[in-house]
Amino acid sequence: MIFVTGGAGYIGSHACVELINAGLDVTVFDNFCNSQPDVLTRVARITGKAPTLVQGDIRDSAALEAALRASGARAVIHFAGLKAVGESVQNPLAYYDNNVLGTLRLLQAMTKCDVKTLVFSSSATVYGDPQRLPLTEDHPLSATNPYGQSKLVIEEMLRDLHRSDPAWRISILRYFNPVGAHTSGLIGEDPQGTPNNLLPYVAQVAAGRRAFLNVWGNDYDTPDGTGVRDYIHVVDLALGHLKALQRLALHAECRAINLGTGVGYSVLGMLRAFEQASGKPVPYQVAPRRAGDIAACYADPSLALSLLGWRAERDLTAMCTDAWRWQSSEKG
Ligand code: NAD
Ligand code: WQD
């Protein structure tokens, strides 16, 4: 049994599918602050098996501990958290509360239940403005906004915890830019309001829901002047969590591992790939740089390959085709 916080969310729901497909039982603990309960019905439609659902907030220690104990889980995958960079600048305390305090409460509940295996959702944002590319895990860490700072604090908390008790088994997965959706078209990213991230915005333009994409700057030091990122298919990302669990079964360690493809694509490159996959035009206009953005960011994913035997298999066409299928479905 695997206990999955935030399992109804974008990445968590895809992870649930892969966990269940691998024959594992799953308990999802989610407060639905950024997801809908029917996602789990969809996970059941894909896999033929529903995860157990407990609705609750990770900051509610009593509810969390009770759910973890009742699940009988021996490992936790921790997706629950807030993730909007701009919102974190406006309301930093919400991010320290939900992300940092929430994780602290989770670690306390795990300690009480003697569950010491954890896979944590970190982010490439902890590398700050890259000093060198591709990014290796030993690159200096920094944060440029409260969201990133919350991930950094949690990473430090996990390293301190492991130092104090080496029986803990912790995998800190640093995701690059997750995109795409499950090939069934039943689950995907479902942003509320105006999407912050590039691909959901592009998908809504292609669908005619928005008139054009704002390209935030075309004067970066990149091949076409637009920002370059390491986009990774969410199903590849989900599979990385299974591999991390498999490694933790054999190693008591606390390690940070990049999950990316190692390849960077520009904003205009993504736009063209999405036009190809969808057969729809994606009009755009160049707008000023977005505050806090960096020119380029992509992973060195070789540690994931050597430690986990994992590498991203799905290419840009699959990312865009699957995102478009989801966008074109009744939900997307
Ligand atoms: P998401 O918002 O789709 O999923 C998060 C889930 O956690 C949601 O279902 C939400 O309802 C739940 N949740 C939030 N706070 C909670 C709380 N206090 N108690 C219980 N449930 C709570 O986000 P996602 O894109 O699936 O991201 C999952 C994790 O991966 C997050 O920790 C995020 O910071 C991290 N991450 C995401 C990205 C990305 O671009 N999507 C990149 C790097 C890291
Ligand atoms: C990608 C590129 C934009 C929207 C963010 C978080 C990061 C991580 C992933 C959680 C950039 C450009 C975007 C638009 C644009 N999340 N863009 N027009 O900024 O790399 O990372 O999400 O951990 O922490 O910071 O992703 O998808 O927002 O932007 O031109 O409408 O697309 O400038 O170059 P980003 P993104």
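The values are calculated or read from the model by the stated rules, or taken from the named source; none is laboratory data. Because the structure is predicted, anything quoted here is derived from the model rather than measured. Backbone-built Cβ (ideal geometry, glycine too); neighbour counts: all protein chains shown. To get the accessible areas, we keep the full protein, side chains included, count just its heavy atoms, and leave off ligands, DNA and RNA. Shrake-Rupley method; radii C 1.70, N 1.55, O 1.52, S 1.80 Å.
Being buried (at least 18 other Cβ atoms within 10 Å of the Cβ), closer than 30 Å to Ile172 by Cα and polar (S, T, N, Q) is the filter here; which residues of segment 260-305 pass it? Those that are buried (at least 18 other Cβ atoms within 10 Å of the Cβ), closer than 30 Å to Ile172 by Cα and polar (S, T, N, Q): Thr261, Ser266.
Here is a yes/no grid of residues against (1) touching a residue at least 40 places away in the same chain (Cβ under 8 Å); (2) more than 18 Å from Gly7 (Cα to Cα):
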residue: Thr41; (1), (2): no, no
residue: Asp57; (1), (2): yes, no
residue: Ala66; (1), (2): no, no
residue: Arg69; (1), (2): yes, no
residue: Ala75; (1), (2): yes, no
residue: Gly86; (1), (2): yes, yes
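Residues in segment 306-323 that are under 15 Å from Asn258 (Cα atoms) and either of a type in the set (Gly, Ala, Ser) or open to solvent by less than 50 Å² (accessible area, probe 1.4 Å) (or both): Ser306, Leu307, Leu308, Gly309, Trp310, Ala312.
Could you tell me whether Ala80 is buried (at least 20 other Cβ atoms within 10 Å of the Cβ) and within 16 Å of ligand 2 (Cβ to nearest atom)? Step through it out loud before you land on a result.
Numbers: buried (at least 20 other Cβ atoms within 10 Å of the Cβ): yes; within 16 Å of ligand 2 (Cβ to nearest atom): yes.
Yes, satisfied.
Looking at Leu250, is it farther than 23 Å from Asn145 by Cα, assigned to a helix (DSSP H, G or I) and either of a type outside the set (Val, Ile, Thr) or away from ligand 1 (no atom under 16 Å from the Cβ) (or both)? Walk me through it before giving the result.
On the way: farther than 23 Å from Asn145 by Cα: yes; assigned to a helix (DSSP H, G or I): no; either of a type outside the set (Val, Ile, Thr) or away from ligand 1 (no atom under 16 Å from the Cβ) (or both): yes.
No.
Just wondering, is there one or more residues in segment 286-296 that are farther than 21 Å from Pro191 by Cβ and in contact with a helix residue (DSSP H, G or I) (Cβ under 8 Å, 6 or more places away or on another chain)? Taking every residue of segment 286-296 in turn, none turns out to be farther than 21 Å from Pro191 by Cβ and in contact with a helix residue (DSSP H, G or I) (Cβ under 8 Å, 6 or more places away or on another chain). Could you list, in sequence order, all residues of segment 195-209 that are over 17 Å from Gln276 (Cα atoms) and within 15 Å of ligand 1 (Cβ to nearest atom)? Residues satisfying the conditions are Pro195, Asn196, Asn197. Determine, yes or no, whether Ile187 is within 15 Å of ligand 1 (Cβ to nearest atom) and touching a helix residue (DSSP H, G or I) at 6+ places or on another chain (Cβ under 7 Å). The answer is yes for Ile187. The set of residues in segment 185-202 that are in a loop (DSSP other than H, G, I, E, B) and open to solvent by less than 50 Å² (accessible area, probe 1.4 Å) comprises Gly185, Leu186, Ile187, Gly188, Glu189, Pro191, Pro195. When segment 6-27 is filtered for residues that are closer than 20 Å to Ala70 by Cα and within 16 Å of ligand 2 (Cβ to nearest atom), only Gly6 remains.
Please determine whether any residue of segment 141-153 is of a type in the set (S, T, N, Q), surrounded by 21 or more Cβ atoms within 10 Å (Cβ to Cβ), touching a strand residue (DSSP E or B) at 6+ places or on another chain (Cβ under 8 Å) and within 28 Å of Glu65 (Cβ to Cβ). No, the conditions are met nowhere in segment 141-153. Of the residues making up segment 154-169, just one is surrounded by 17 or more Cβ atoms within 10 Å (Cβ to Cβ) and assigned to a loop (DSSP other than H, G, I, E, B), namely Trp168. None of Val85, Val89, Val28 is surrounded by fewer than 16 Cβ atoms within 10 Å (Cβ to Cβ), in contact with a helix residue (DSSP H, G or I) (Cβ under 9 Å, 6 or more places away or on another chain) and either closer than 28 Å to Thr194 by Cβ or not small (Gly, Ala, Ser) (or both) except Val89. Checking each residue in segment 262-276 for being in a helix (DSSP H, G or I) and touching a Pro at 6+ places or on another chain (Cβ under 7 Å) picks out only Glu275. Taken together, the residues in segment 68-118 that are more than 21 Å from Phe176 (Cβ to Cβ), outside any helix (DSSP H, G or I) and either more than 18 Å from the chain's Cα centre (by Cα) or basic (Lys, Arg) (or both) amount to 10.
Applying the set (1) in contact (Cβ under 8 Å) with a residue 12 or more places away in the chain; (2) under 24 Å from Gly148 (Cα atoms) to Pro51 leaves exactly one unmet item: (2). Going residue by residue through segment 19-31, is there one that turns out to be closer than 15 Å to Val76 by Cα and among the hydroxyl-bearing types (Ser, Thr, Tyr)? Checked segment 19-31: at least one residue is closer than 15 Å to Val76 by Cα and among the hydroxyl-bearing types (Ser, Thr, Tyr).
Rundown of residues vs (1) within 11 Å of ligand 2 (Cβ to nearest atom); (2) at positive phi, yes/no style:
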site: Gly193; (1), (2): no, yes
site: Pro200; (1), (2): yes, no
site: Ala206; (1), (2): no, no
site: Arg210; (1), (2): yes, no
site: Leu213; (1), (2): yes, no
site: Asn218; (1), (2): yes, no
site: Asp221; (1), (2): no, no
